[in-house]
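This report concerns only the one structure given below.
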Amino acid sequence: MNATTILLVEDDLNIVDLIRSNLTARGFDVVVSIDGHDVLRQVEIEAPDIVLLDLMLPGADGFELCGRLRERSAVGIIVISARGGEGDKVRALNLGADDYMTKPFGIDELLARITATLRRTRPSPTGPDLAVIEVGPLQIDLEAQLVLKDGEPVHLTPTEFSLLREFVQNPGKLLTHAMLLRRVWGPGYQTETEYTRVYVRRIRAKLESPDGPELIRTEPRAGYRFIAR
């Protein structure tokens, strides 16, 4: 099995050395970009499994780079930043980041978040009995991880699809924020409710029509319910 490749985009050489040495010791291949200029090219050449992206780079706007990465690739993006405000986190998630870590952080936490992101972004084995689920104009193929709307493919990121999978497999059931966070992001995320809010909003924008029925209903102060009609 090939080693997992991590693209680290970070200009602080002390942090680069710390992360690279610890991840390499655990069997990861680590590629480094110091200024962010060559990140898009490195993603094409190296095909990394995860991008660890600092927001404060000397050669690029980290938020802009996050959005451009997401437009071009389904790679897992974990933002690592000294900017700990909720607004920065929500902005990064809206641009397609899968996770957001605030400096300083421990290596064990970083490893846990890498593992959780890989679980979402790598295809998981599925049972042979999974059928294509049809909801209004949508066709959702859980095995192929494919969504069609009115016959046209809709691009979902791996995290978006993982969240949608939870909804379609539990039609009509109340899924709390903590439940969705635990199932999609993993243990330790139960209080990160901005993650579910941002990603539900992203799914709605892609799958619901302005004049059509709602697909995901918000249950105030509780969670969400998938409306299968």
From the list D54, D12, D49, D29, which residue is out of contact with any Leu (no Cβ under 8 Å at 6 or more places or on another chain), among the acidic types (D, E), under 20 Å from G96 (Cβ atoms) and touching a residue at least 12 places away in the same chain (Cβ under 8 Å)?
D54
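Would you check which residues across the stretch 72-94 are of a type in the set (S, T, Y) and in a loop (DSSP other than H, G, I, E, B) and list them? Can you show your working first?
Within the stretch 72-94, the first condition is being of a type in the set (S, T, Y), and the residues that meet it are 73, 81.
If the condition is that a residue be of a type in the set (S, T, Y) and in a loop (DSSP other than H, G, I, E, B), then S73 is the only one that fits.
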For the stretch 140-229, give me every one of the strands (runs of 3 or more DSSP E) that falls completely inside it and has 1 or more residues that are touching a strand residue (DSSP E or B) at 6+ places or on another chain (Cβ under 6 Å) and surrounded by fewer than 16 Cβ atoms within 10 Å (Cβ to Cβ).
146-149, 174-176, 216-219
Residue pairs within 8 Å by beta carbon, gap of at least six or interchain, first lying in the stretch 209-224 and of a type in the set (G, A, S), second assigned to a strand (DSSP E or B) and surrounded by 13 or more Cβ atoms within 10 Å (Cβ to Cβ), listed first then second, are A222/L174; A222/T176; G223/L174; G223/L175; G223/T176
Identify, by number, the condition in (1) closer than 18 Å to T159 by Cα; (2) buried (at least 18 other Cβ atoms within 10 Å of the Cβ) that S73 doesn't meet.
(2)
Which condition from (1) free of Cβ contacts under 8 Å to residues at least 40 places away in the same chain; (2) part of a helix (DSSP H, G or I); (3) of a type in the set (V, I, T) is the one that I114 breaks?
(1)
Within the stretch 134-149, the residues that are in contact with a helix residue (DSSP H, G or I) (Cβ under 7 Å, 6 or more places away or on another chain) and under 21 Å from D49 (Cβ atoms) are Q145
Given (1) in the same structural domain as D49 (by TED's automatic domain parsing); (2) of a type in the set (A, V, I, L, M, F, W, C); (3) more than 24 Å from S81 (Cα to Cα), number of the condition I203 does not satisfy
(1)
What's the total number of residues in the stretch 78-107 that are in contact (Cβ under 8 Å) with a residue 40 or more places away in the chain and either buried (at least 19 other Cβ atoms within 10 Å of the Cβ) or under 23 Å from I203 (Cβ atoms) (or both)?
10
If you scan the stretch 150-193, which residues turn out to be touching a residue at least 60 places away in the same chain (Cβ under 8 Å) and over 21 Å from I50 (Cβ atoms)?
V168
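Pick from L65, L52, L69: which is within 25 Å of R201 (Cα to Cα), part of a strand (DSSP E or B) and out of contact with any Ser or Thr (no Cβ under 9 Å at 6 or more places or on another chain)? If you could, list the steps in order and put the result at the bottom.
Numbers: L65 fails: part of a strand (DSSP E or B); L69 fails: part of a strand (DSSP E or B).
Going through L65, L52, L69 in turn, just one is within 25 Å of R201 (Cα to Cα), part of a strand (DSSP E or B) and out of contact with any Ser or Thr (no Cβ under 9 Å at 6 or more places or on another chain): L52.
The values are calculated or read from the model by the stated rules, or taken from the named source; none is laboratory data. Predicted model only: the values in this text are computed from it and were never measured. Every residue, glycine among them, receives a Cβ derived from its backbone with ideal geometry; neighbour counts consider all protein chains shown.
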